[in-house]
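Below is one structure, written out as structure tokens, with a few remarks after it.
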Amino acid sequence: MSRLKLPLGTGRLRLREFTGDDLAAITALYCDKRITRHMLYGPRDEPSAKRHLAAVLRRQQERRRDVWELAVTRADDSTVIGACDLTLHSREEAEIGYLIAPAQWRQGYATETAAALAGAAFEQLRVERILSTVEIHNKRSLRVLDKAGLRWEATFRRYARSRKDWWDVHLYTISREDWALARG
């Protein structure tokens with residue numbers, strides 16, 4: 001059984017399980033067009049955000065988990081400033097994703113979140129490789145992954161159909177070996 005020891009902490013952030021009290025925060029995040037314009041999937045209005053949170057809370061109760069969707073909070077005041085996820089695709093590979101509220105952009109929170117997820121996947125889940133896919137026009141997220149240590153590996157054309165259009169994405173990855181080398 002795969003387990004993460006939660007919450008995950010960084011110098012400024014805490015990544016924790018969502019609770020029912022997070023509905024307002026999750027709705028604000030997933031209904032903000034500045035965030036969702038680069039999201040292939042996921043809720044985009046209040047009813048779908050409510051259904052999404054209910055599904056997340058159900059998955060938290062599963063005995064065997066391969067997906068962790070977490071609230072990103074500031075460590076000093078526990079304010080929810082984003083959301084992130086870690087998906088275990090196999091014993092060898094995990095995928096990370098993140099979103100941060102626009103009021104918190106340009107403060108390094110997304111990079112800190114991505115690095116914390118990668119660290120947890122390598123250290124706790126013992127995977128060999130981390131990946132993340134990013135819509136090709138999402139320049140900020142591409143920079144986040146680069147700063148977190150992931151590197152461009154490929155571009156997938158027509159990767160997914162969402163909102164009546166085909167989306168192209170960049171694939172960013174980092175191996176356990178490269179991650180360890182970067183940390184000395």
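Values quoted throughout were computed directly from the atomic coordinates according to the rules given, and no laboratory measurement underlies them. Source: prediction; values computed, not measured. Note that we place each Cβ from the backbone using ideal geometry, even for glycine, and neighbour counts take in every protein chain shown.
I'd like the residue in the range 10-34 that is of a type in the set (S, T, Y) and touching a helix residue (DSSP H, G or I) at 6+ places or on another chain (Cβ under 6 Å) and, out of all such residues, is farthest from G119 (Cα to Cα).
The selected residue is T27.
Looking at the range 97-142, which of its residues are within 24 Å of S175 (Cβ to Cβ), among the hydrophobic types (A, V, I, L, M, F, W, C) and more than 14 Å from the chain's Cα centre (by Cα)?
F122, L125, V127, I136 - these are the residues of the range 97-142 that are within 24 Å of S175 (Cβ to Cβ), among the hydrophobic types (A, V, I, L, M, F, W, C) and more than 14 Å from the chain's Cα centre (by Cα).
Give the range 82-104 a look and list any residue that's in contact with a helix residue (DSSP H, G or I) (Cβ under 7 Å, 6 or more places away or on another chain) and either surrounded by fewer than 21 Cβ atoms within 10 Å (Cβ to Cβ) or small (G, A, S) (or both), or say none.
G82, A83, A94, A101, P102
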